[in-house]
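> Here it is, the structure, as structure tokens.
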Amino acid sequence: MISPGDSPQVKVAKGAAIIFSGLVFARLVNYAYQILITRTAGAGEFGLFFLGVSTLAVAGGIAVLGFDSGVARFAPLYIGAKDETKLNGVLRGAFLLSLLNGAVAGAILWLLSGVLAGIYFGQEAGRGAVIIRICAATLPLAVSRQVLVKAIVAFQKIGYRVAVNQFTGPLVRLALTAALLGAGMAAEGAMLAYAASELVCWAALLWLLQRKVHPLFSSGGGAFDFKPFVVYCLPLFLSGLVMQVMNYIDAFMAGYFLNTEQVGIYGAAARLAALVALGIELLNPLFLSITTGAFAEGRNRVVGDTFNSNNRWYLFISLPIVCLLALLAPQAMALVWGDQFGEGANVLAVLAAGRAIYYLSATSSLLLAMYARTRLILALNIAAAAVNCVLNWWLIPRMGIEGAAIATSCSLTLHALLMIAAARHTHRPGGLRVFFPRVLAAAVPPCLLVLWVKSLALTPLPTLLAGGGMFCVAFPVMLKLLGAFHEEDRRILRQLGARLGFGAGMDG
């Protein structure tokens, strides 16, 4: 468990340790239900489902109006200041407003379902309208759930988040997807299963917050300091709106220019490329809460040290994933999704590289949010999203799904570089590090080993097992030989190991 006396870096590391088992489980189960769709129903049905999930993500990102980000910042501030009145007000107010926003957005999406389906679902417009209506009915839960998650994380109760998001939700989704696909419901069934899992997770999070963390609806009052909250959230809402364009315009433009089968292949590659996010999913949930608390206390060195550690650990975790996905993309696509998805190999390689750079800038974005530089975040998001729209519109008709991947990766890289530069300029004490040359250099020899395995022309499973195994063995060895581990890394591992009961075995 995370203890109040732990250092910020140890809190991040222990949070990552708590998240890890749940994240691995959730990934396996989520891939299982998506593989179930592709293997049972084919690329076209997965394309319909992918467009539906993308619609829900975009609509939810807009409807939340940045309130989840507001809770992520203001709740830790009020907790640190021991201001129960404002804390109660911000939690209750943000939740109720997000529920209302979701209901209004859902009603609008329902009314527009026919029009949107005609634009993005092509010949499947009738079925697409049904899928969009399922998304519309789910929106109030999906939007307010984002606020509930941030509220629980603000209290550093990361175990509850893991239990709901990474165990309960995926299991419900898999079980219902299997049942509804078995009943012949195809993409509509998969979307209904997704909606049902949102309902279960929403109810579980609300119960945990109310009964185990901090009563959301208690007899005690709470003044919602609405104006500073909204002033902070509004630019983040606009930024979130722009980022929805950045992250999902490729899927919708692919739906506009191409058929659902091509969208399905692209979506399958995008799902695998999302594995690169493992580093930030493990390390970043507690980052803003911890650094905001340190910032409020004037401990700028702690902010910088935590920032640097997060980025270094992100490379330790995610660099093997991106290298293996890029080098063994054909084998990965065929093994996971099936032979008909092989043409998405280049898409996977390009998206994995672009996503890796983009996720590396996640701590920079959070640092800017900590400094309340929300207008700057908005401006940078707009610049990158504009580039993304232009490139997708130009490249998809000419290059198909590979054009979508190139456009997305180029704009994500631009966004990352802008965010990193802005964070360094904003954090006046300096000392921020994002790229660690020794860590990057340590990946070169393992990559050569993987290319050698690939040249043997084995079947996909032996190639992935041999290449992945060699990389995972060689990479830590190269990190040690090149001196990429800091004394701080070893110290944190020792502390983490002692706290978790592994003793001195963590010294290496």
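The values are calculated or read from the model by the stated rules, or taken from the named source; none is laboratory data. Note that the coordinates shown come from a computational prediction; the quantities given were computed from them, not determined experimentally. Cβ sites come from the backbone with ideal geometry, for glycine too, and all protein chains shown count toward neighbours.
> Among the hydroxyl-bearing types (Ser, Thr, Tyr) and within 24 Å of the chain's Cα centre (by Cα) - does that describe any residue in segment 133-147? If you could, list the steps in order and put the result at the bottom.
Taking segment 133-147 and keeping what is among the hydroxyl-bearing types (Ser, Thr, Tyr), we get 138, 144.
Checking which are within 24 Å of the chain's Cα centre (by Cα) leaves us with 138, 144.
Yes, there is a match, as at least one residue in segment 133-147 is among the hydroxyl-bearing types (Ser, Thr, Tyr) and within 24 Å of the chain's Cα centre (by Cα).
> Kindly evaluate VAL242 against the criterion of being β-branched (Val, Ile, Thr) and surrounded by fewer than 17 Cβ atoms within 10 Å (Cβ to Cβ). Give the steps one after another, and end with the answer.
Numbers: β-branched (Val, Ile, Thr): yes; surrounded by fewer than 17 Cβ atoms within 10 Å (Cβ to Cβ): no.
For VAL242, the condition - β-branched (Val, Ile, Thr) and surrounded by fewer than 17 Cβ atoms within 10 Å (Cβ to Cβ) - is not met.
> Here's another thing I want to ask about it. Find all pairs meeting these conditions: Cβ atoms under 8 angstrom apart; at least six residues apart or on different chains; first residue within segment 462-484 and farther than 18 Å from PRO437 by Cβ and modelled with pLDDT of 90 or more; second residue outside any helix (DSSP H, G or I) and among the hydrophobic types (A, V, I, L, M, F, W, C).
Listed pairs, sorted by first residue: THR463/LEU328; THR463/LEU456; LEU464/LEU328; ALA466/LEU458; GLY467/LEU328; GLY468/LEU328.
> Also: Scan the helices (runs of 4 or more DSSP H) fully inside segment 185-299 and keep the ones with 1 or more residues being modelled with pLDDT under 80 and among the acidic types (Asp, Glu).
Values: elements: 186-208, 226-257, 260-273, 278-283, 287-296.
Answer list for segment 185-299: 278-283.
> Take the conditions touching a residue at least 40 places away in the same chain (Cβ under 8 Å), of a type outside the set (D, E, K, R) and out of contact with any helix residue (DSSP H, G or I) (no Cβ under 6 Å at 6 or more places or on another chain) and apply them to VAL336. Does it pass? Explain how you work it out, then say what you get.
Numbers: touching a residue at least 40 places away in the same chain (Cβ under 8 Å): yes; of a type outside the set (D, E, K, R): yes; out of contact with any helix residue (DSSP H, G or I) (no Cβ under 6 Å at 6 or more places or on another chain): yes.
So VAL336 fits the description; yes.
> Quick one: ALA404 ticks every box in (1) under 30 Å from GLN262 (Cα atoms); (2) surrounded by fewer than 19 Cβ atoms within 10 Å (Cβ to Cβ) bar one, so which box is it?
Here ALA404 meets the rest and fails (2).
> On to the next question. Which residue, of LEU99, LEU112, is surrounded by fewer than 21 Cβ atoms within 10 Å (Cβ to Cβ) and under 30 Å from PHE257 (Cβ atoms)?
Details: LEU99 fails: under 30 Å from PHE257 (Cβ atoms).
Every option except LEU112 fails the conditions.
> Going through segment 140-180 one residue at a time, which ones are within 10 Å of VAL29 (Cβ to Cβ) and either in contact with a Cys (Cβ under 7 Å, 6 or more places away or on another chain) or among the small types (Gly, Ala, Ser) (or both)?
Passing the criteria: GLY169, ALA175.
> Quickly run through segment 342-359 and pick out the residues that are surrounded by fewer than 24 Cβ atoms within 10 Å (Cβ to Cβ) and either charged (D, E, K, R) or within 11 Å of ILE420 (Cβ to Cβ) (or both).
GLU343, ILE357
> Determine which single condition GLN156 fails, assuming it passes every other condition in (1) touching a residue at least 40 places away in the same chain (Cβ under 8 Å); (2) part of a helix (DSSP H, G or I).
In the conditions (1) touching a residue at least 40 places away in the same chain (Cβ under 8 Å); (2) part of a helix (DSSP H, G or I), GLN156 misses (2) alone.
> Follow-up. In this structure, is GLY47 outside any helix (DSSP H, G or I) and either modelled with pLDDT under 85 or within 12 Å of ALA190 (Cα to Cα) (or both)? Before you say what the answer is, go through the steps one by one.
Working: outside any helix (DSSP H, G or I): no; either modelled with pLDDT under 85 or within 12 Å of ALA190 (Cα to Cα) (or both): yes.
No, not satisfied.
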